[in-house]
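*Asks:* Please find one structure pasted underneath; my questions will follow.
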Protein chains: 2
Amino acid sequence: MTTSQRSTANLRRIDLSRATGCNVETIRYYETIGILPSPPRTAKGYRVYDHEHVSRLGFVMRARELGFTLEEVRGLLSLVDGDGLTCGEVQRRAQAHLDDVAARIADLQSIQSVLAGTVAKCTGKDVPECAVIDALMPA
Amino acid sequence: MTTSQRSTANLRRIDLSRATGCNVETIRYYETIGILPSPPRTAKGYRVYDHEHVSRLGFVMRARELGFTLEEVRGLLSLVDGDGLTCGEVQRRAQAHLDDVAARIADLQSIQSVLAGTVAKCTGKDVPECAVIDALMPA
DNA sequence: CTTTACCCTGTATCAACTACAGGGCGTAGA
DNA sequence: TCTACGCCCTGTAGTTGATACAGGGTAAAG
């Protein structure tokens, strides 16, 4: 018996941070704001996680990587948790987020073109006249 | 004498908020963090601005619109204020910011393609199976 | 003289975490 | 068995770039 069962309480306890790559403080933060459920504790107060927690945190992390806000993630989770989950509703929310991403890309691209245009006018020399400053500073 | 000089103190007093379109609270915030200098005050404690302030705040607002952080703005302002302003240095900082913008666009575009791909797999119907959820939720 | 519109200070709030202080606990090696 | 190390616990404060509000003063118009 290598990893034997000495007290059933600690059987297959999982280090959630290591299993997901998520920062411990972030896990605790998700717990306090109700994104993750409070796990059971050992007699000494240590949190005990199982595979459900790993799965749920994985969902949260993937959604965050795709740029969903925590409120949007909360909304998606409530669809998953409750019986109100329908593909149509999820698709609607994902599409709304996609529109948002597209708008942010457009904003950044217009910034990019203005900025690139101004930088291109710079001489880049060791002189105090600068096209970037002139462009930013009102007369 | 229409806008006559009755006490020199209030001569040509400027409403900085109206002149720039910047929120009053934001102006005060910029003052407390040292982005804008503390203006002189009237006897009753009202701030009195001049065209220098308008110009400086305009600079800050334009730079912010182009996505510079306040710390980057502070750096550009210190170049303008001190005698250390050279076109080369400004160009270097603007280019660094431009690289940053490009990286953020690339990130958003990869999010966009992943998300668009998943949403496209949705049936969009009133059923509880959803391709988006499946893609986000680990096995 | 009163109303309205603005100004003042100071503090709290938002998102999404991160960092730290100050303490307890568990385990590995000597 | 002692001790050192590393991790866990709670609670609080800091980050960025503002915004909002409470509670009070003042300036200018009718």
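*Asks:* Shielding of A:122-132 by partners, i.e. mean partner chain Cβ atoms within 10 Å per residue?
*Replies:* The mean count of partner-chain Cβ atoms within 10 Å per residue comes to 6.
*Asks:* Moving to a separate point now. Considering every residue in A:54-63, what mean count of other chain Cβ atoms within 10 Å of its Cβ is obtained?
*Replies:* The shielding value for this peptide is 3.
*Asks:* Hey, what number do you get for the protein assembly as shown at 222 nm if only DSSP H runs of n ≥ 4 count, each worth -39500 (n - 2.57), divided across all residues, to the nearest 500?
*Replies:* Helix contribution divided over all residues of the protein assembly as shown: -19000 deg cm²/dmol.
*Asks:* Taking the Cα centre of the stretch A:86-139 as origin and charging only Cβ (+1 Lys, Arg; -1 Asp, Glu), how large is the dipole, in debye to the nearest 20? Let's see the in-between values first.
*Replies:* Values: 5 positive and 7 negative charges, 27 e Å.
Charge dipole of the stretch A:86-139: 120 debye, to the nearest 20.
*Asks:* Please identify the DSSP H helices in chain A that span no less than 18 Å along the helix axis (Cα) and have a mean Kyte-Doolittle hydropathy of -0.5 or more.
*Replies:* Going by DSSP H runs, the hits are A:87-121.
*Asks:* Still on this model: Can you give me the relative contact order of chain B as a percent, contacts being Cα pairs under 8 Å and 6 or more apart? Don't skip to the answer; put the middle values down first.
*Replies:* Values: 62 pairs, mean separation 18.9, N = 139.
Computed value for chain B: 14 percent relative contact order.
*Asks:* I've got another one for you. Set Lys and Arg Cβ to +1 and Asp and Glu Cβ to -1, take the dipole of the stretch A:86-139 about its Cα centre, and tell me which of A:130, A:105, A:87 lies farthest positive.
*Replies:* The listed residue farthest towards the positive side: A:87.
*Asks:* Okay, next question. Charges only on Cβ, +1 for Lys and Arg, -1 for Asp and Glu: so what's the dipole of the stretch B:33-100 about the Cα centre, in debye to the nearest 20?
*Replies:* Magnitude of the dipole: close to 400 debye.
*Asks:* In addition: Place a +1 charge on the Cβ of each Lys and Arg in chain B and a -1 charge on the Cβ of each Asp and Glu, then give the dipole magnitude about the Cα centre in debye, rounded to the nearest 20.
*Replies:* 840
*Asks:* For peptide B:103-116, compute the average count of partner chain beta-carbon atoms within 10 Å of each residue's beta-carbon.
*Replies:* Whole-number average of other-chain Cβ neighbours for B:103-116 is 5.
Quick note: the coordinates plus some simple rules give every number you see, no bench work behind them. Owing to the predicted nature of the structure, the values given are computational and were not obtained by experimental measurement. In this analysis, Cβ positions are derived from the backbone assuming ideal geometry, glycine residues included, and neighbour counts consider all displayed protein chains.
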